1. Out of the DSSP beta bridges found with both residues in the chain, what percent are antiparallel (nearest 5)?
2. Stretch A73-K51 to full length: gain in nm at 0.36 nm per residue minus the Cα-Cα span?
3. Roughly speaking, what is the stretch gain from E187 to I94, that is 0.36 nm per residue apart minus the C-alpha to C-alpha distance, in nm to one decimal?
4. Can you work out the PRE-style zone for A80? Point 7 Å along Cα to Cβ, and I want the residues of the stretch 29-69 with backbone N under 17 Å.
5. What pairs from K27/K141; K131/K169; K78/K192; K44/K188; K139/K186; K51/K169 go past 32 Å between their alpha carbons?
6. Suppose every Lys and Arg Cβ carries +1 and every Asp and Glu Cβ carries -1, with no other charges. What dipole size does the stretch 1-123 come out with about its Cα centre, to the nearest 20 debye?
7. Please compute the per residue accessible area over the chain with all protein chains in place, 1.4 Å probe, rounded to a whole number of Å².
8. Tell me the label-point distance for the pair E37, R159, using the 7 Å Cα-to-Cβ offset, in nm and rounded to one decimal.
Amino acid sequence: MLKYKNIILFGPQGSGKGTQADILAEKFGMPHISTGEIFRQEIKEHTEIGKMAEQIINAGSLMPDDVTNEIVAKRLKKEATQEGFILEGYPRNINQAKALDSVIGIDLALEVWISDDEAVMRIGGRRTCPKCGAIYHLKFKPPRQDRVCDVDSEELVIRDDDKEEAVRKRLADYHEQTEPLIDFYKEKNIYKRINGMPPISEVTESIMEVVEG
Ligand code: AMP
């Protein structure tokens, strides 16, 4: 049984929050709403928002608050959220948190913490196939043959937004813009933090200890 209904999950790039949100959503049969995923879908469908998102995401920046707030408000109305939801990657700043507050109440704001060096190591080790989009990791999911895609033998590349400089910039943005959410949700008594440094299954266990009652 879940102790909380409306949950937000936040953490820096590489914290595994997307993976953990997927696991939670599946286990409890609730919708996983990820703004990053919504924007990636818009890019695939070549919509107006998608065209904007492609440029912004490639530049390692954030989408404008008004566009993001509207997309989330629409999605929350459309999805079956009566039994709760997991919102991941949103809000990313105080402005968005206030906008969300005006749409729906949140019961738990859970931060998945990792150190900056761990984030750089996790993201920096990522390699992508420029042809089919398959993603590998030098340490956690190496390709069968060194630096070559298992599927089509293309030489793997480091995506621009996975390069160390881009990752450090996003981490700085996270500290500056997203971490103030900690105090925002502490004041509402709904903030909790778990350690995202251990392997995925251990992080899932820590999350379950928080959310299961
Ligand atoms: P993510 O998969 O959560 O890392 O999101 C991928 C990208 O989508 C981010 O780097 C941002 O450019 C954009 N994005 C996702 N969520 C938000 C948000 N809440 N506010 C602004 N931009 C976002």
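The values are calculated or read from the model by the stated rules, or taken from the named source; none is laboratory data. For clarity, every value in this text was computed on a predicted model and none was experimentally measured. Note that we place each Cβ from the backbone using ideal geometry, even for glycine, and neighbour counts take in every protein chain shown. Accessible surface is based on the protein model in full, side chains and every heavy atom, while ligands, DNA and RNA are left aside. Shrake-Rupley method; radii C 1.70, N 1.55, O 1.52, S 1.80 Å.
1. 35 percent
2. Numbers: separation 22, 0.36 × 22 = 7.92 nm, distance 2.07 nm.
Length difference between fully extended and current span is 5.9 nm.
3. Contour length minus Cα-Cα distance gives 32.2 nm.
4. Residues 29-33 qualify, since their backbone N sits under 17 Å from the label point.
5. Working: K27/K141 25 Å; K131/K169 27 Å; K78/K192 28 Å; K44/K188 38 Å; K139/K186 36 Å; K51/K169 22 Å.
Violating the 32 Å limit, Cα to Cα: K44/K188; K139/K186.
6. About 280 debye.
7. 55 Å²
8. Taking the simple label geometry, E37 and R159 are separated by 1.5 nm.
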